[in-house]
1. Considering (1) at pLDDT below 85; (2) in contact with a Phe, Trp or Tyr (Cβ under 9 Å, 6 or more places away or on another chain), say which one V282 fails and leave the rest.
2. Among the listed residues L61, L67, L45, L40, which satisfies the condition of being out of contact with any strand residue (DSSP E or B) (no Cβ under 9 Å at 6 or more places or on another chain) and in the same structural domain as R93 (by the TED database)?
3. Within segment 42-96, track down each residue that is closer than 19 Å to L15 by Cβ, surrounded by 15 or more Cβ atoms within 10 Å (Cβ to Cβ) and among the hydroxyl-bearing types (S, T, Y).
4. Report yes if some residue within segment 261-278 is open to solvent by 30 Å² or more (accessible area, probe 1.4 Å) and of a type in the set (S, T, N, Q); otherwise report no.
5. Looking at S57, S77 in this structure, which one is over 30 Å from the mean Cα position of the chain (by Cα) and of a type outside the set (A, V, I, L, M)?
6. Would a scan of segment 313-320 turn up a residue that is crowded, with 20+ Cβ neighbours inside 10 Å and not in a helix (DSSP H, G or I)?
7. If you scan segment 27-38, which residues turn out to be of a type outside the set (K, R), in contact (Cβ under 8 Å) with a residue 24 or more places away in the chain and surrounded by fewer than 22 Cβ atoms within 10 Å (Cβ to Cβ)?
8. Between a residue in segment 107-124 that is more than 19 Å from L332 (Cβ to Cβ) and not assigned by the TED database to the domain that holds E35 and any residue that is open to solvent by 70 Å² or more (accessible area, probe 1.4 Å) and modelled with pLDDT of 90 or more, which pairs come within a Cβ distance under 6 Å, given they are 6 or more apart or on different chains?
Amino acid sequence: MVSTSGDTLSGPSTLATYRDELFSMADIVTPNVKEASKLLGDVSLHTISDMCNAAESIYKLGPKYVLVKGGDMPDSSDAIDVLFDGKEFTELRGLRIKTRNTHGTGCTLASCIAAELAKGATMLHAVQAAKKFVESALYHSKDLVIGNGPQGPFDHHFELKSPSYKMGSLQKFNPDDLFLYAVTDSGMNKKWGRSIKDAVKAAIEGGATIVQLREKDAETREFLEAAKACVEICKSSGVPLLINDRVDVALACDADGVHVGQSDMPAWEVRRLLGPGKIIGVSCKTPAQAEQAWKDGADYIGCGGVFPTTTKANNPTLGFEGLRTVCLASKLPVVAIGGINAGNAGSVMELGLPNLKGVAVVSALFDRERVAAETRNLRSILMKNAYSRS
């Protein structure tokens with residue numbers, strides 16, 4: 001009805017047909033704020049509350065879902081959309097990409113939602129996937145110069161440009177990388193007289209599939225220099241490197257992502273700072289936290305402690321039942337953490353829980369003299385379990 005650039009694409013005479021005939025046939029209606037305003041008699045839409053009210057009013061016209069898109073809201077630093085299912089409002093936050101290449105964003109989003117629904121996705125998942133696709137396409141097309149008009153097209157085929165397809169500096173996240181997740185510890189490294197760099201190198205040598213730097217005691221400058229060295233080690237081995245909590249360090253060293261806890265910066269804010277291609281993990285202990293992590297655009301969640309652990313203060317033990325509850329509720333890949341070692345890792349994976357992709361380990365690797373040997377042994381145990389379950 002109204003394009004992103006503000007051009008009116010259909011006249012007032014078509015509004016009655018939309019409202020009286022088409023909407024009652026639709027699974028979802030996806031107006032931008034300008035279109036929503038037109039549908040409702042030119043009401044003013046300036047806030048998230050206004051968008052919610054508009055979604056509720058349009059829902060009464062017959063569609064099963066309404067997605068009011070806020071990408072055109074002038075005063076918002078984020079691209080915030082509101083999805084309404086007749087009972088619950090869901091805010092979906094994304095990056096506001098600064099680019100002139102926005103021609104066709106609405107059509108692309110709707111087509112992507114339809115494609116995801118055809119593949120069997122739920123409506124919320126389809127909208128989330130579509131929003132992420134459009135955001136990534138805009139990000140990778142932001143500097144294209146094609147044509148002479150005020151708007152340019154954006155590249156729908158960025159994912160096909162392998163191996164050059166990267167989101168930021170990172171290739172697309174693979175949940176299987178969570179298989180053996182090594183989490184460094186500054187105190188343990190000091191205890192054994194090893195540097196962060198040496199610890200990471202040894203873990204990768206032993207077969208770690210992803211590494212997180214959790215260095216609480218190091219000075220920022222010292223940590224940054226060590227992180228830069230670790231990034232180079234991990235890139236040369238094809239192993240993703242995440243930074244615990246420190247978004248600033250992750251940005252400065254061009255790490256592959258960040259892992260945050262419930263008391264840290266929310267995932268949607270981390271995504272706004274890092275960009276669409278970086279990996280974001282969130283520590284979760286409840287289904288509600290897992291749901292929020294998914295809505296905020298995280299890529300995976302860490303769930304624990306599965307067993308008692310001393311590596312983190314005030315960390316309640318969830319046990320197998322707590323892990324099971326979160327895995328069953330999660331829409332994201334899950335990595336189990338907390339007190340996991342060579343003696344119990346197999347029993348964790350034997351649970352066969354949906355979305356459980358691997359285990360995260362701290363002291364069982366780094367509070368040992370021979371990190372590479374311990375990592376190799378744990379990987380062997382996990383591989384045997386994977387083979388037996390397949």
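The values are calculated or read from the model by the stated rules, or taken from the named source; none is laboratory data. Because the structure is a prediction, the values reported are computed rather than measured. Please note: Cβ atoms are built from the backbone with ideal geometry, for glycine as well, and neighbour counts cover all protein chains shown. Just the protein is used for accessible areas: all its heavy atoms, side chains included, with ligands, DNA and RNA removed. Shrake-Rupley method; radii C 1.70, N 1.55, O 1.52, S 1.80 Å.
1. So V282 meets the others, but not (1).
2. L40
3. Answer for segment 42-96, where residues must be closer than 19 Å to L15 by Cβ, surrounded by 15 or more Cβ atoms within 10 Å (Cβ to Cβ) and among the hydroxyl-bearing types (S, T, Y): S57, Y59.
4. Taking every residue of segment 261-278 in turn, at least one turns out to be open to solvent by 30 Å² or more (accessible area, probe 1.4 Å) and of a type in the set (S, T, N, Q).
5. Working: S77 fails: over 30 Å from the mean Cα position of the chain (by Cα).
Just one listed residue meets the conditions, S57.
6. Among the residues of segment 313-320, at least one is crowded, with 20+ Cβ neighbours inside 10 Å and not in a helix (DSSP H, G or I), which makes the answer yes.
7. Start the filter on segment 27-38 by keeping residues that are of a type outside the set (K, R), which leaves 27-33, 35-37.
Remaining after also requiring in contact (Cβ under 8 Å) with a residue 24 or more places away in the chain: 27-33, 35-36.
Passing the criteria: D27, I28.
8. Nothing qualifies.
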